[in-house]
Amino acid sequence: MNEITLHNQWIVKAPLSDVFRIITDFEKFPEHFPKVAESIQINKREGNCLEMEATLRSFGKTFRVKMKTQIIPGRGFISDNDSYQFGTSGHEELLLSECADGTLVDYTYRVTIHKKWLRIIAVPLLRWYSMKYWEKAVIDQLKKILKK
């Protein structure tokens, strides 16, 4: 199995516009979410389309990622990401919608693992660990930011 799909949904008790503003502010992503982003550099911006290079954190390591991201106004973003260093590529969607308790964050990441040896280790770890970590590092942090 080369591809794995990770998916989860969370409710953030804040207006959609506030969640959208923070989650699509890629320049401040390392400041807001330091457990997952060490640095992000926007190399090209055409309207809502961005090409970025990022140094991200996962599994106790940092690695470079090239991102082609489209911001969907008022809804979130979709991004195609390549990490040649880590041996993965993926399609990421973070979509927001209003709900009775605030904003529903619907997150999906389809990751392809190119290195055969890495699949043996990564697939079980990704399934078990990554969404729990992402919730703690991004969603819980987002909630804290929005309470200020």
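Can Ile40 be described as among the aliphatic types (A, V, I, L, M), out of contact with any Cys (no Cβ under 6 Å at 6 or more places or on another chain) and at pLDDT 95 or above? In short, yes. Set side by side, the residues Thr69, Thr103 differ, and just one is in a strand (DSSP E or B), touching a helix residue (DSSP H, G or I) at 6+ places or on another chain (Cβ under 6 Å) and not aliphatic (A, V, I, L, M), which is Thr103. Go through region 1-48 and report how many residues are among the aliphatic types (A, V, I, L, M) and free of Cβ contacts under 8 Å to residues at least 60 places away in the same chain. Residues meeting the conditions: 3. Filtering region 73-104 to residues that are under 18 Å from Val138 (Cβ atoms) and hydrophobic (A, V, I, L, M, F, W, C) leaves Phe77, Ile78, Leu94, Leu95, Leu96, Leu104. Of the residues making up region 27-53, those that are assigned to a strand (DSSP E or B) and surrounded by fewer than 17 Cβ atoms within 10 Å (Cβ to Cβ) number 11.
Count of region 6-26 residues, restricted to those that are surrounded by 15 or more Cβ atoms within 10 Å (Cβ to Cβ) and either part of a helix (DSSP H, G or I) or touching a Cys at 6+ places or on another chain (Cβ under 9 Å) (or both), is 7. Taking Leu56, is it free of Cβ contacts under 8 Å to residues at least 60 places away in the same chain, in a strand (DSSP E or B) and not basic (Lys, Arg)? Judged against the criteria, Leu56 is a match. For region 78-92, check the following and say yes or no: at least one residue is within 18 Å of Thr24 (Cβ to Cβ), surrounded by 15 or more Cβ atoms within 10 Å (Cβ to Cβ) and in contact with a helix residue (DSSP H, G or I) (Cβ under 8 Å, 6 or more places away or on another chain). Taking every residue of region 78-92 in turn, none turns out to be within 18 Å of Thr24 (Cβ to Cβ), surrounded by 15 or more Cβ atoms within 10 Å (Cβ to Cβ) and in contact with a helix residue (DSSP H, G or I) (Cβ under 8 Å, 6 or more places away or on another chain).
Applying a threshold of 6 Å to beta carbon distances and a minimum spacing of six or more residues, or different chains, the list of pairs starting in region 70-95 at a residue that is basic (Lys, Arg) and ending at one that is at pLDDT 95 or above reads Arg75/Leu95; Arg75/Leu96. Only a single criterion out of (1) over 18 Å from Lys147 (Cα atoms); (2) over 14 Å from the mean Cα position of the chain (by Cα); (3) of a type outside the set (Gly, Ala, Ser) is not satisfied by Tyr107, namely (2).
The values are calculated or read from the model by the stated rules, or taken from the named source; none is laboratory data. Please read all numbers here as calculations on a predicted model, not as lab measurements. No Cβ is skipped: glycine too gets one built from the backbone with ideal geometry, and neighbour counts run over all protein chains shown.
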